[in-house]
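Notes follow the structure.
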Amino acid sequence: MKALLGDSRLHERITTAEEAASWIEDGMTVGLSGFTRAGEPKAVPFALANRAKQEPLKLNIITGASLGSDVDRVLAEAGIVRRRLPYQSDDVMRQKINRGEILYIDQHLSHTAEWIREGVLPPIDVAIVEALAVTEEGLVIPTTSVGNTSLFVQRARHVILEINTAQPRALYGIHDVYEVGERGARKPIPLVNPSDRIGLPGIPVDPDKIVAVVFTHQPDSPSPITAPDAVTDQIAANILQFLRNEVAAGRLTPRLAPLQAGIGSVANAVLYGLMHSEFHDLEFYSEVLQDAVFDLIDAGKVVFASASAITLTEKKMQEVFRDFDAYRNRLLLRPQEISNHPEIVRRLGLISINTALEADIYGNVNSTHVRGTRMMNGIGGSGDFARNARLAIFVTKSIAQKGAVSRIVPFVSHVDHTEHDVDVLVTEYGYADLRGLAPIERAPLIIERCAHPDYRPLLMEYYREALKRGGHTPHVLEKALSFHLAYERNGSMRTAAGTGVIGR
(Lines give C-alpha, C1' and ligand atoms only; values in the text may rest on other atoms or scores of the structure.)
Protein backbone atom coordinates (compact mmCIF):
# COMPACT_ATOMS: atom_id res chain seq x y z
CA MET A 1 0.00 0.00 0.00
CA LYS A 2 2.86 2.36 0.76
CA ALA A 3 3.88 2.07 -2.88
CA LEU A 4 0.81 4.18 -3.71
CA LEU A 5 2.26 7.08 -1.71
CA GLY A 6 5.12 8.56 -3.67
CA ASP A 7 6.38 10.73 -0.82
CA SER A 8 7.79 8.64 2.03
CA ARG A 9 6.70 11.28 4.55
CA LEU A 10 3.12 10.20 3.91
CA HIS A 11 3.80 6.68 5.15
CA GLU A 12 3.79 7.95 8.72
CA ARG A 13 0.37 9.51 8.23
CA ILE A 14 -1.44 6.30 7.36
CA THR A 15 -4.20 5.92 9.91
CA THR A 16 -7.80 4.88 10.51
CA ALA A 17 -10.91 6.69 9.34
CA GLU A 18 -11.75 7.41 12.99
CA GLU A 19 -8.39 9.03 13.65
CA ALA A 20 -8.63 11.04 10.45
CA ALA A 21 -12.10 12.23 11.42
CA SER A 22 -10.66 13.67 14.64
CA TRP A 23 -9.10 16.45 12.56
CA ILE A 24 -12.59 17.79 11.87
CA GLU A 25 -13.87 20.31 14.41
CA ASP A 26 -17.33 21.72 14.99
CA GLY A 27 -18.12 24.68 12.71
CA MET A 28 -15.56 23.80 10.04
CA THR A 29 -16.07 24.02 6.29
CA VAL A 30 -15.26 20.70 4.66
CA GLY A 31 -14.73 19.99 0.97
CA LEU A 32 -15.60 16.45 -0.14
CA SER A 33 -14.48 15.00 -3.45
CA GLY A 34 -17.17 13.45 -5.58
CA PHE A 35 -19.39 14.33 -8.51
CA THR A 36 -22.69 12.63 -9.34
CA ARG A 37 -22.15 9.52 -7.24
CA ALA A 38 -18.55 9.04 -8.36
CA GLY A 39 -15.25 9.43 -6.53
CA GLU A 40 -16.52 10.47 -3.10
CA PRO A 41 -14.67 9.54 0.13
CA LYS A 42 -16.23 6.41 1.54
CA ALA A 43 -14.82 5.97 5.06
CA VAL A 44 -14.09 9.25 6.86
CA PRO A 45 -17.63 10.69 6.41
CA PHE A 46 -19.06 7.58 8.11
CA ALA A 47 -16.55 7.97 10.94
CA LEU A 48 -17.72 11.57 11.29
CA ALA A 49 -21.34 10.42 11.50
CA ASN A 50 -20.45 7.95 14.26
CA ARG A 51 -18.55 10.63 16.12
CA ALA A 52 -21.56 12.94 15.94
CA LYS A 53 -23.49 10.41 18.04
CA GLN A 54 -21.16 11.23 20.94
CA GLU A 55 -20.65 14.98 20.52
CA PRO A 56 -22.37 17.86 18.71
CA LEU A 57 -20.93 18.49 15.27
CA LYS A 58 -22.16 20.93 12.64
CA LEU A 59 -20.30 21.41 9.37
CA ASN A 60 -20.57 23.30 6.12
CA ILE A 61 -20.26 20.72 3.35
CA ILE A 62 -19.11 21.63 -0.16
CA THR A 63 -18.82 19.00 -2.89
CA GLY A 64 -18.64 18.81 -6.65
CA ALA A 65 -22.21 17.58 -6.99
CA SER A 66 -24.22 14.67 -5.54
CA LEU A 67 -22.43 11.97 -3.56
CA GLY A 68 -22.83 8.22 -3.74
CA SER A 69 -22.21 5.48 -1.18
CA ASP A 70 -24.99 7.00 0.97
CA VAL A 71 -22.60 9.70 2.20
CA ASP A 72 -25.16 12.52 1.96
CA ARG A 73 -27.76 10.31 3.61
CA VAL A 74 -25.54 9.33 6.53
CA LEU A 75 -24.37 12.90 7.14
CA ALA A 76 -27.95 14.17 6.99
CA GLU A 77 -29.25 11.49 9.35
CA ALA A 78 -26.46 12.30 11.81
CA GLY A 79 -27.49 15.96 11.83
CA ILE A 80 -23.99 17.07 10.90
CA VAL A 81 -24.81 19.27 7.92
CA ARG A 82 -25.45 22.94 8.62
CA ARG A 83 -24.97 24.21 5.07
CA ARG A 84 -24.69 22.24 1.81
CA LEU A 85 -23.79 23.19 -1.76
CA PRO A 86 -23.89 23.07 -4.76
CA TYR A 87 -26.00 19.95 -5.59
CA GLN A 88 -27.44 16.85 -3.92
CA SER A 89 -29.84 14.04 -4.80
CA ASP A 90 -30.45 12.13 -1.57
CA ASP A 91 -34.03 11.81 -0.32
CA VAL A 92 -33.18 12.14 3.39
CA MET A 93 -31.13 15.26 2.77
CA ARG A 94 -33.90 16.55 0.48
CA GLN A 95 -36.47 16.20 3.25
CA LYS A 96 -34.25 18.05 5.73
CA ILE A 97 -33.63 20.82 3.21
CA ASN A 98 -37.36 21.23 2.63
CA ARG A 99 -37.99 21.31 6.39
CA GLY A 100 -35.40 24.04 6.77
CA GLU A 101 -33.05 21.89 8.84
CA ILE A 102 -30.23 22.20 6.28
CA LEU A 103 -29.34 25.47 4.57
CA TYR A 104 -28.98 24.53 0.91
CA ILE A 105 -27.32 26.70 -1.72
CA ASP A 106 -28.46 25.53 -5.15
CA GLN A 107 -25.77 26.74 -7.50
CA HIS A 108 -24.56 26.50 -11.09
CA LEU A 109 -21.81 23.89 -10.93
CA SER A 110 -19.28 26.08 -12.71
CA HIS A 111 -19.63 28.81 -10.07
CA THR A 112 -18.59 27.05 -6.88
CA ALA A 113 -14.87 27.16 -7.61
CA GLU A 114 -15.07 30.89 -8.29
CA TRP A 115 -16.74 31.54 -4.94
CA ILE A 116 -14.05 29.53 -3.16
CA ARG A 117 -11.24 31.23 -5.05
CA GLU A 118 -12.59 34.70 -4.25
CA GLY A 119 -13.42 34.09 -0.60
CA VAL A 120 -17.18 34.41 -0.98
CA LEU A 121 -17.49 31.14 0.93
CA PRO A 122 -15.69 30.45 4.22
CA PRO A 123 -12.17 29.06 3.74
CA ILE A 124 -12.04 25.28 3.40
CA ASP A 125 -10.61 23.92 6.61
CA VAL A 126 -10.26 20.32 5.53
CA ALA A 127 -10.58 18.58 2.16
CA ILE A 128 -11.45 14.87 2.26
CA VAL A 129 -10.50 13.39 -1.07
CA GLU A 130 -10.63 9.96 -2.66
CA ALA A 131 -7.59 9.15 -4.80
CA LEU A 132 -5.84 6.36 -6.64
CA ALA A 133 -2.39 7.37 -5.42
CA VAL A 134 0.04 10.20 -4.80
CA THR A 135 2.89 10.23 -7.32
CA GLU A 136 6.55 10.87 -6.63
CA GLU A 137 6.05 14.24 -8.34
CA GLY A 138 3.48 15.17 -5.71
CA LEU A 139 0.33 14.75 -7.77
CA VAL A 140 -2.87 13.40 -6.24
CA ILE A 141 -4.45 11.13 -8.86
CA PRO A 142 -8.27 11.28 -8.63
CA THR A 143 -10.52 8.28 -9.22
CA THR A 144 -13.79 8.36 -11.16
CA SER A 145 -14.40 12.09 -10.87
CA VAL A 146 -12.54 15.37 -10.65
CA GLY A 147 -15.37 17.78 -9.81
CA ASN A 148 -14.11 20.50 -7.46
CA THR A 149 -11.44 18.26 -5.96
CA SER A 150 -8.46 20.07 -7.45
CA LEU A 151 -9.49 23.41 -5.96
CA PHE A 152 -10.31 21.77 -2.61
CA VAL A 153 -6.83 20.29 -2.42
CA GLN A 154 -5.18 23.55 -3.40
CA ARG A 155 -7.19 25.81 -1.10
CA ALA A 156 -7.81 23.67 2.00
CA ARG A 157 -5.72 24.19 5.13
CA HIS A 158 -5.49 20.43 5.59
CA VAL A 159 -6.09 17.43 3.34
CA ILE A 160 -7.25 13.93 4.27
CA LEU A 161 -6.69 11.35 1.55
CA GLU A 162 -8.65 8.16 1.09
CA ILE A 163 -6.64 5.86 -1.17
CA ASN A 164 -9.24 3.53 -2.65
CA THR A 165 -7.65 0.30 -3.88
CA ALA A 166 -10.96 -0.88 -5.36
CA GLN A 167 -10.89 1.81 -8.03
CA PRO A 168 -9.31 0.65 -11.31
CA ARG A 169 -5.60 1.45 -11.67
CA ALA A 170 -6.33 1.94 -15.38
CA LEU A 171 -7.92 5.29 -14.51
CA TYR A 172 -4.41 6.69 -14.17
CA GLY A 173 -3.75 9.01 -17.10
CA ILE A 174 -7.31 9.99 -18.03
CA HIS A 175 -7.43 13.10 -15.83
CA ASP A 176 -6.68 16.57 -17.16
CA VAL A 177 -6.37 19.05 -14.30
CA TYR A 178 -6.20 22.69 -15.41
CA GLU A 179 -6.22 25.74 -13.13
CA VAL A 180 -7.85 28.83 -14.65
CA GLY A 181 -6.27 31.29 -12.22
CA GLU A 182 -7.69 34.43 -10.67
CA ARG A 183 -10.38 36.43 -12.43
CA GLY A 184 -8.95 39.57 -13.98
CA ALA A 185 -5.56 37.95 -14.51
CA ARG A 186 -6.38 34.68 -16.22
CA LYS A 187 -5.69 33.81 -19.83
CA PRO A 188 -8.07 32.18 -22.34
CA ILE A 189 -8.53 28.47 -21.68
CA PRO A 190 -6.53 26.80 -24.49
CA LEU A 191 -9.11 24.16 -25.36
CA VAL A 192 -10.59 24.06 -28.86
CA ASN A 193 -11.51 20.36 -29.19
CA PRO A 194 -13.06 17.97 -26.64
CA SER A 195 -9.96 15.76 -26.93
CA ASP A 196 -7.45 18.52 -26.16
CA ARG A 197 -5.29 17.84 -23.10
CA ILE A 198 -4.40 21.16 -21.49
CA GLY A 199 -3.42 20.34 -17.90
CA LEU A 200 -1.78 17.85 -15.56
CA PRO A 201 -2.62 14.16 -15.00
CA GLY A 202 -3.20 14.87 -11.31
CA ILE A 203 -3.63 17.53 -8.65
CA PRO A 204 -0.50 19.24 -7.29
CA VAL A 205 -0.36 19.01 -3.49
CA ASP A 206 1.95 20.22 -0.77
CA PRO A 207 2.66 17.00 1.18
CA ASP A 208 2.82 18.99 4.41
CA LYS A 209 -0.91 19.73 4.05
CA ILE A 210 -1.80 16.03 4.06
CA VAL A 211 -2.55 15.23 7.69
CA ALA A 212 -3.96 11.72 7.29
CA VAL A 213 -4.06 8.91 4.76
CA VAL A 214 -6.78 6.25 4.99
CA PHE A 215 -6.85 3.15 2.81
CA THR A 216 -10.23 1.90 1.61
CA HIS A 217 -11.45 -0.78 -0.79
CA GLN A 218 -14.95 0.04 -1.99
CA PRO A 219 -16.26 0.67 -5.52
CA ASP A 220 -18.53 3.59 -6.31
CA SER A 221 -22.20 2.98 -5.68
CA PRO A 222 -23.97 2.17 -8.96
CA SER A 223 -26.12 4.67 -10.76
CA PRO A 224 -29.88 4.18 -10.20
CA ILE A 225 -30.90 5.11 -13.74
CA THR A 226 -33.62 3.05 -15.35
CA ALA A 227 -33.70 1.53 -18.82
CA PRO A 228 -35.33 3.34 -21.74
CA ASP A 229 -39.07 2.89 -22.17
CA ALA A 230 -41.56 3.59 -24.94
CA VAL A 231 -41.95 7.22 -23.88
CA THR A 232 -38.22 7.99 -23.74
CA ASP A 233 -37.76 6.16 -27.04
CA GLN A 234 -40.29 8.52 -28.61
CA ILE A 235 -38.62 11.55 -27.04
CA ALA A 236 -35.34 10.36 -28.57
CA ALA A 237 -37.02 9.93 -31.94
CA ASN A 238 -38.34 13.49 -31.76
CA ILE A 239 -34.87 14.86 -30.96
CA LEU A 240 -33.40 12.89 -33.86
CA GLN A 241 -35.98 14.35 -36.21
CA PHE A 242 -35.12 17.85 -35.03
CA LEU A 243 -31.41 17.17 -35.60
CA ARG A 244 -32.13 15.78 -39.07
CA ASN A 245 -33.95 18.99 -39.91
CA GLU A 246 -30.93 20.99 -38.71
CA VAL A 247 -28.69 18.94 -41.01
CA ALA A 248 -31.10 19.46 -43.90
CA ALA A 249 -31.05 23.19 -43.24
CA GLY A 250 -27.24 23.21 -43.35
CA ARG A 251 -26.81 24.24 -39.72
CA LEU A 252 -25.28 20.88 -38.71
CA THR A 253 -23.50 17.98 -40.39
CA PRO A 254 -24.04 14.25 -39.71
CA ARG A 255 -21.22 14.56 -37.13
CA LEU A 256 -23.49 17.06 -35.34
CA ALA A 257 -21.59 19.13 -32.74
CA PRO A 258 -20.11 18.11 -29.38
CA LEU A 259 -22.92 16.77 -27.19
CA GLN A 260 -23.75 17.38 -23.55
CA ALA A 261 -26.41 15.40 -21.72
CA GLY A 262 -27.56 15.89 -18.14
CA ILE A 263 -27.61 13.23 -15.45
CA GLY A 264 -30.60 10.94 -15.04
CA SER A 265 -32.69 8.25 -16.64
CA VAL A 266 -34.44 10.38 -19.27
CA ALA A 267 -31.27 12.04 -20.59
CA ASN A 268 -29.41 8.72 -20.64
CA ALA A 269 -32.29 6.99 -22.43
CA VAL A 270 -32.49 9.73 -25.03
CA LEU A 271 -28.84 9.19 -25.97
CA TYR A 272 -29.62 5.59 -26.90
CA GLY A 273 -31.63 6.99 -29.78
CA LEU A 274 -28.34 7.86 -31.48
CA MET A 275 -27.31 4.19 -31.55
CA HIS A 276 -29.03 3.26 -34.83
CA SER A 277 -29.16 6.73 -36.34
CA GLU A 278 -27.21 8.01 -39.33
CA PHE A 279 -25.15 10.34 -37.11
CA HIS A 280 -21.53 9.30 -36.70
CA ASP A 281 -18.08 10.24 -35.33
CA LEU A 282 -19.74 11.96 -32.40
CA GLU A 283 -17.97 13.73 -29.55
CA PHE A 284 -19.14 14.48 -26.02
CA TYR A 285 -18.18 17.45 -23.90
CA SER A 286 -20.31 16.92 -20.86
CA GLU A 287 -20.44 16.76 -17.06
CA VAL A 288 -21.07 13.05 -16.62
CA LEU A 289 -20.54 9.98 -18.77
CA GLN A 290 -23.37 7.50 -18.21
CA ASP A 291 -24.05 4.03 -19.63
CA ALA A 292 -25.24 5.24 -23.02
CA VAL A 293 -21.97 7.00 -23.81
CA PHE A 294 -19.95 3.79 -23.34
CA ASP A 295 -22.42 1.79 -25.40
CA LEU A 296 -22.12 4.41 -28.14
CA ILE A 297 -18.32 4.11 -27.98
CA ASP A 298 -18.64 0.33 -28.28
CA ALA A 299 -20.91 0.77 -31.29
CA GLY A 300 -18.39 3.02 -33.02
CA LYS A 301 -20.69 6.03 -32.83
CA VAL A 302 -18.63 8.11 -30.37
CA VAL A 303 -14.95 8.85 -31.01
CA PHE A 304 -14.19 10.88 -27.87
CA ALA A 305 -15.83 11.89 -24.59
CA SER A 306 -14.77 14.56 -22.10
CA ALA A 307 -16.50 15.05 -18.75
CA SER A 308 -15.95 15.51 -15.03
CA ALA A 309 -17.13 12.08 -13.84
CA ILE A 310 -18.03 8.53 -14.85
CA THR A 311 -21.31 7.32 -13.34
CA LEU A 312 -22.52 3.85 -14.34
CA THR A 313 -25.07 1.22 -13.41
CA GLU A 314 -23.69 -1.84 -11.65
CA LYS A 315 -23.62 -4.06 -14.73
CA LYS A 316 -22.09 -1.41 -16.96
CA MET A 317 -19.53 -0.49 -14.28
CA GLN A 318 -18.31 -4.08 -14.19
CA GLU A 319 -18.13 -4.26 -17.99
CA VAL A 320 -16.32 -0.94 -18.45
CA PHE A 321 -13.78 -1.32 -15.68
CA ARG A 322 -13.04 -4.93 -16.59
CA ASP A 323 -11.64 -3.72 -19.91
CA PHE A 324 -10.98 -0.04 -19.27
CA ASP A 325 -7.93 0.03 -21.53
CA ALA A 326 -10.37 -0.14 -24.45
CA TYR A 327 -11.70 3.30 -23.45
CA ARG A 328 -8.80 5.15 -21.89
CA ASN A 329 -7.60 6.79 -25.14
CA ARG A 330 -11.10 8.11 -25.80
CA LEU A 331 -11.78 9.73 -22.43
CA LEU A 332 -10.71 12.70 -20.33
CA LEU A 333 -11.96 13.73 -16.89
CA ARG A 334 -11.63 17.42 -16.00
CA PRO A 335 -12.45 19.79 -13.13
CA GLN A 336 -16.10 20.77 -13.30
CA GLU A 337 -15.33 24.43 -13.81
CA ILE A 338 -13.65 23.33 -17.07
CA SER A 339 -16.27 20.78 -18.16
CA ASN A 340 -18.98 23.37 -17.49
CA HIS A 341 -17.12 26.55 -18.36
CA PRO A 342 -19.20 29.03 -20.41
CA GLU A 343 -16.13 30.02 -22.44
CA ILE A 344 -15.64 26.44 -23.63
CA VAL A 345 -19.35 25.68 -24.06
CA ARG A 346 -19.73 28.69 -26.34
CA ARG A 347 -16.48 28.02 -28.22
CA LEU A 348 -17.25 24.37 -28.96
CA GLY A 349 -20.85 25.12 -29.92
CA LEU A 350 -22.39 22.33 -27.87
CA ILE A 351 -25.73 20.63 -28.34
CA SER A 352 -27.04 20.53 -24.78
CA ILE A 353 -29.76 18.10 -23.68
CA ASN A 354 -31.14 18.49 -20.15
CA THR A 355 -34.24 17.47 -18.25
CA ALA A 356 -37.09 19.71 -17.09
CA LEU A 357 -39.43 19.11 -14.16
CA GLU A 358 -41.93 21.30 -15.95
CA ALA A 359 -42.08 23.92 -18.69
CA ASP A 360 -44.63 26.60 -19.43
CA ILE A 361 -46.36 27.71 -22.59
CA TYR A 362 -43.76 30.44 -23.21
CA GLY A 363 -40.69 28.24 -22.79
CA ASN A 364 -39.60 28.91 -19.21
CA VAL A 365 -38.25 25.77 -17.51
CA ASN A 366 -38.32 24.63 -13.89
CA SER A 367 -35.58 22.08 -13.16
CA THR A 368 -35.51 22.10 -9.38
CA HIS A 369 -38.65 22.82 -7.36
CA VAL A 370 -41.75 20.64 -7.12
CA ARG A 371 -44.76 22.99 -7.23
CA GLY A 372 -42.48 25.93 -6.71
CA THR A 373 -41.31 25.33 -3.16
CA ARG A 374 -40.02 21.81 -2.59
CA MET A 375 -36.42 21.28 -3.70
CA MET A 376 -35.85 18.12 -5.68
CA ASN A 377 -32.10 17.96 -6.40
CA GLY A 378 -30.79 21.23 -7.80
CA ILE A 379 -29.99 23.06 -11.00
CA GLY A 380 -26.67 21.27 -11.40
CA GLY A 381 -24.88 22.20 -14.58
CA SER A 382 -27.93 22.63 -16.80
CA GLY A 383 -27.75 26.43 -16.58
CA ASP A 384 -24.04 26.47 -17.39
CA PHE A 385 -24.83 24.75 -20.67
CA ALA A 386 -28.26 26.10 -21.57
CA ARG A 387 -27.29 29.76 -21.65
CA ASN A 388 -24.13 29.15 -23.66
CA ALA A 389 -24.81 26.16 -25.92
CA ARG A 390 -25.40 26.29 -29.65
CA LEU A 391 -28.65 24.42 -29.01
CA ALA A 392 -30.27 24.24 -25.57
CA ILE A 393 -32.72 21.33 -25.67
CA PHE A 394 -34.91 20.49 -22.69
CA VAL A 395 -36.75 17.18 -22.49
CA THR A 396 -39.54 15.94 -20.26
CA LYS A 397 -42.34 13.42 -20.30
CA SER A 398 -45.60 15.27 -20.89
CA ILE A 399 -47.27 13.97 -17.72
CA ALA A 400 -46.37 12.47 -14.35
CA GLN A 401 -48.13 10.60 -11.55
CA LYS A 402 -50.32 8.63 -13.96
CA GLY A 403 -51.56 11.78 -15.62
CA ALA A 404 -52.42 13.76 -12.48
CA VAL A 405 -49.58 16.19 -13.27
CA SER A 406 -49.01 17.97 -16.55
CA ARG A 407 -45.38 18.83 -17.24
CA ILE A 408 -46.57 21.65 -19.51
CA VAL A 409 -48.30 24.34 -17.48
CA PRO A 410 -49.51 27.92 -17.99
CA PHE A 411 -46.62 29.29 -15.93
CA VAL A 412 -43.85 27.36 -14.20
CA SER A 413 -43.95 27.47 -10.43
CA HIS A 414 -40.21 28.19 -10.27
CA VAL A 415 -37.96 29.53 -13.02
CA ASP A 416 -34.49 28.04 -13.45
CA HIS A 417 -34.09 28.60 -17.19
CA THR A 418 -35.85 31.57 -18.69
CA GLU A 419 -37.47 31.54 -22.11
CA HIS A 420 -34.32 33.27 -23.40
CA ASP A 421 -32.18 30.19 -22.67
CA VAL A 422 -34.46 27.47 -24.02
CA ASP A 423 -34.16 26.75 -27.73
CA VAL A 424 -36.09 23.50 -28.11
CA LEU A 425 -38.64 21.80 -25.87
CA VAL A 426 -39.27 18.08 -26.42
CA THR A 427 -41.80 15.57 -25.04
CA GLU A 428 -43.02 12.26 -26.40
CA TYR A 429 -45.62 14.13 -28.49
CA GLY A 430 -43.17 16.21 -30.46
CA TYR A 431 -40.79 19.12 -30.31
CA ALA A 432 -41.22 22.87 -30.34
CA ASP A 433 -38.39 24.84 -31.91
CA LEU A 434 -38.68 28.16 -30.10
CA ARG A 435 -35.87 30.00 -31.83
CA GLY A 436 -36.86 33.23 -33.52
CA LEU A 437 -40.42 33.15 -32.18
CA ALA A 438 -42.19 35.81 -30.16
CA PRO A 439 -44.02 34.67 -26.99
CA ILE A 440 -47.45 34.64 -28.65
CA GLU A 441 -46.02 32.36 -31.36
CA ARG A 442 -44.35 30.00 -28.91
CA ALA A 443 -47.39 29.30 -26.74
CA PRO A 444 -49.68 27.59 -29.29
CA LEU A 445 -46.70 25.66 -30.68
CA ILE A 446 -45.75 24.26 -27.26
CA ILE A 447 -49.36 23.39 -26.45
CA GLU A 448 -49.94 21.66 -29.77
CA ARG A 449 -46.64 19.78 -30.03
CA CYS A 450 -45.52 19.11 -26.45
CA ALA A 451 -48.53 18.99 -24.11
CA HIS A 452 -50.43 15.77 -23.40
CA PRO A 453 -53.73 15.66 -25.33
CA ASP A 454 -55.70 15.58 -22.05
CA TYR A 455 -54.27 18.96 -21.09
CA ARG A 456 -54.27 20.78 -24.42
CA PRO A 457 -57.83 22.10 -24.08
CA LEU A 458 -57.13 23.47 -20.60
CA LEU A 459 -53.92 25.13 -21.74
CA MET A 460 -55.58 26.64 -24.80
CA GLU A 461 -58.44 27.89 -22.61
CA TYR A 462 -55.91 29.69 -20.44
CA TYR A 463 -53.98 31.04 -23.41
CA ARG A 464 -57.07 32.44 -25.18
CA GLU A 465 -58.16 34.24 -22.04
CA ALA A 466 -54.63 35.58 -21.57
CA LEU A 467 -54.64 36.94 -25.14
CA LYS A 468 -57.70 39.02 -24.26
CA ARG A 469 -55.69 40.66 -21.48
CA GLY A 470 -53.02 41.64 -23.99
CA GLY A 471 -49.34 42.28 -23.45
CA HIS A 472 -46.13 41.01 -24.96
CA THR A 473 -46.30 37.83 -22.86
CA PRO A 474 -50.01 37.45 -22.08
CA HIS A 475 -51.00 36.01 -18.71
CA VAL A 476 -54.03 35.84 -16.48
CA LEU A 477 -52.14 36.58 -13.30
CA GLU A 478 -54.76 35.28 -10.89
CA LYS A 479 -54.87 31.98 -12.80
CA ALA A 480 -51.23 31.55 -13.84
CA LEU A 481 -50.65 28.85 -11.19
CA SER A 482 -54.11 27.34 -11.48
CA PHE A 483 -52.77 23.92 -12.51
CA HIS A 484 -50.62 23.75 -9.39
CA LEU A 485 -53.48 24.94 -7.18
CA ALA A 486 -55.76 22.30 -8.61
CA TYR A 487 -53.25 19.62 -7.75
CA GLU A 488 -52.82 20.93 -4.21
CA ARG A 489 -56.57 20.98 -3.64
CA ASN A 490 -57.73 17.91 -5.55
CA GLY A 491 -54.71 15.76 -6.29
CA SER A 492 -54.89 16.29 -10.04
CA MET A 493 -54.20 19.12 -12.46
CA ARG A 494 -57.00 17.75 -14.64
CA THR A 495 -59.47 19.40 -12.26
CA ALA A 496 -58.16 22.87 -13.06
CA ALA A 497 -61.25 23.63 -15.17
CA GLY A 498 -63.83 21.19 -13.81
CA THR A 499 -63.65 22.50 -10.24
CA GLY A 500 -63.72 26.11 -11.22
CA VAL A 501 -60.08 26.79 -10.36
CA ILE A 502 -59.40 28.16 -13.83
CA GLY A 503 -62.45 30.36 -13.72
CA ARG A 504 -62.17 31.44 -10.12
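The calculated FRET efficiency for the pair Asp229 and Asn329, based on their C-beta separation and a Förster distance of 25 Å, comes to about 0.15. Distance distribution note for segment 119-269: the fraction of Cα pairs above 26 angstrom is 48%. The trypsin sites (Lys or Arg not before Pro) of segment 4-81 that DSSP puts in a loop, and whose beta carbon has at most 15 other beta carbons within 10 Å, are Lys53, Lys58. Solvent-accessible surface (1.4 Å probe) assigned to His108 amounts to roughly 60 Å². Please identify every one of the trypsin sites (Lys or Arg not before Pro) in segment 204-252 that sits in a loop by DSSP and has no more than 15 other beta carbons within 10 Å of its own beta carbon. Sparse-neighbourhood loop trypsin sites (Lys or Arg not before Pro): Arg251.
Stokes-Einstein diffusion of segment 1-122 at 4 °C, 1.567 mPa s viscosity, Kirkwood radius from Cα pairs, rounded to a whole number: 85 µm²/s.
Helices of the chain meeting both criteria, an alpha-carbon length of 15 angstrom or more along the long axis and an average Kyte-Doolittle score not below -1.0, with helices taken as full DSSP H segments, are 230-248, 439-450, 456-469.
The Rg/Rh ratio of the chain, with Rg taken over Cα atoms and Rh as the Kirkwood radius over Cα pairs, comes to 0.99.
Counted residue by residue at 0.36 nm each, then reduced by the alpha carbon distance between them, the extension gain from Ile105 to Val303 reaches 67.6 nm.
Can you pull out the GluC sites (Glu not before Pro) in segment 109-181 whose DSSP state is coil and whose Cβ has at most 11 other Cβ atoms within 10 Å? Taking segment 109-181 and a limit of 11 other Cβ atoms within 10 Å, the loop GluC sites (Glu not before Pro) found are Glu136, Glu137. Under the Kirkwood approximation applied to all pairs of distinct alpha-carbon atoms, what is the hydrodynamic radius of segment 289-375 in Å? Averaging 1/r across every pair of different Cα atoms and inverting gives 15.6 Å.
Once divided by 2.2 N^0.38 Å, the Cα radius of gyration of segment 439-485 becomes 1.09. Cα convex hull, segment 409-504: 100 Å³ per residue, rounded to a whole number. Note on Lys402: no lysines have a C-alpha under 22 Å away, same-chain residues under 8 apart excluded. How much net charge surrounds Ile102 when only other residues with a Cβ under 15 Å from its Cβ are counted (Lys, Arg +1; Asp, Glu -1)? In short, +3.
Using only alpha carbon pairs under 8 Å that are at least six residues apart, calculate the relative contact order of segment 211-321 and give it in whole percent. With pairs under 8 Å counted, the relative contact order is 26 percent. The residues Met1, Met493, Met376, Met317, sorted by heavy-atom accessible surface at 1.4 Å with ligands and nucleic acids left out, run Met1, Met376, Met317, Met493 from largest to smallest.
The values are calculated or read from the model by the stated rules, or taken from the named source; none is laboratory data. Note that the structure is a prediction, hence the values are computed from the model and not measured. Ideal geometry is used to build each Cβ from the backbone, glycine not excepted, and the neighbour counts take in all protein chains shown. Note: areas computed on protein heavy atoms with side chains; ligands, DNA, RNA excluded. Shrake-Rupley method; radii C 1.70, N 1.55, O 1.52, S 1.80 Å.
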